[in-house]
Structures are given as C-alpha cells and as structure tokens.
Amino acid sequence: MVEVTQRRMLLACVLSLTACASAPVPQLELDRAKSAIAAAERSGAAELAPVDYRMAGEDLNRGRILIAEREHTQAKWRLELAAARAELAASKAQGARLRGEVQAKEADNTRLRRELLGEGAQ
C-alpha cells in the first residue's frame, strides 16, 4: 500500500514538473524574423512600405521581450508574425519599385512614339 502511494506521489510530482516546463526558446523564429527584417530593409521597405516594416520591427521587439519574460510560446507566435510582416513589406517595396519602372518605361515609350510620329516637332 505504501509503495502504491509513493508511486502516485512520484507520478504527481513528475506531471506537475512537466506542466511547469515552458516551451524552448524560439531561436529559429528569432533568427528568421531578424533575417526577414534585414531583407526588407535592403529592399527599401522602410521607405516604400513603412507601415508594414515598422510593424515587423515592433513584433520583433515584442518577441524579444516575451523571450526575456520566458513566454516562449507567445514569443514564437510574435516572431513568426514579425517575419511574415517583414516579407510582406519587402514584397510591397518590390511592387512599388516595379510600378515605378513600368511608369518610367511607359513615359519613354510615349516620348519615343511622339518622336517617331513627328508629334510635338515644330
């Protein structure tokens, strides 16, 4: 009888310690978020997609705070969000850059068409 009680107590202790253990530090997500934000910065997102870029940085900072507070599950989620927002900012920056290139090409085409057709020459 005593042995069964001891086993139950041991099992209860193990279960309670397991329940208290937190998720591991989300290092992969932290590295991925930092890399995505750096890529967004290189793409010009700070100027071309400033809202998404700023939000990605805020999510990265919040993720770091959550890691310091040992809230690793929430930190992982926040860091994944930071990476996604940084990727969105980079995509928007690329889109803005491409739209600018298209507009420049259209302006060149218009100028060349006028030159070829003799429009505007007087």
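Among the residues making up the stretch 92-122, those that are under 30 Å from residue 37 (Cβ atoms), small (Gly, Ala, Ser) and without any contact (Cβ under 8 Å) to a residue 12 or more places away in the chain are 95, 100, 104. Does residue 76 qualify as being modelled with pLDDT of 95 or more, of a type in the set (D, E, K, R) and in a helix (DSSP H, G or I)? Spelling it out, residue 76 is indeed modelled with pLDDT of 95 or more, of a type in the set (D, E, K, R) and in a helix (DSSP H, G or I).
Being more than 15 Å from residue 81 (Cβ to Cβ), modelled with pLDDT under 95 and among the hydroxyl-bearing types (Ser, Thr, Tyr), is that true of even one residue in the stretch 6-18? Within the stretch 6-18, one or more residues are more than 15 Å from residue 81 (Cβ to Cβ), modelled with pLDDT under 95 and among the hydroxyl-bearing types (Ser, Thr, Tyr). Of all residues in the stretch 32-51, those satisfying the criterion of being in a helix (DSSP H, G or I), of a type outside the set (A, V, I, L, M, F, W, C) and over 9 Å from the mean Cα position of the chain (by Cα) are 41, 42, 47, 50.
So that you can scan it fast, the table gives a plain yes or no per residue for (1) in contact with a helix residue (DSSP H, G or I) (Cβ under 7 Å, 6 or more places away or on another chain); (2) over 17 Å from residue 27 (Cα atoms):
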position	(1), (2)
52	yes, yes
63	yes, no
80	yes, no
96	yes, yes
115	no, yes
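Checked against (1) more than 14 Å from residue 45 (Cβ to Cβ); (2) touching a residue at least 12 places away in the same chain (Cβ under 8 Å); (3) assigned to a helix (DSSP H, G or I), residue 70 passes all but condition (3). Go through the stretch 21-31 residue by residue and tally those that are part of a loop (DSSP other than H, G, I, E, B) and either without any contact (Cβ under 8 Å) to a residue 12 or more places away in the chain or closer than 14 Å to residue 79 by Cβ (or both). The qualifying residues number 5.
The values are calculated or read from the model by the stated rules, or taken from the named source; none is laboratory data. All of these numbers come straight from a predicted model, not from anything done at the bench. Every residue, glycine as well, gets a Cβ built from its backbone with ideal geometry; the counts of neighbours run over all protein chains shown.
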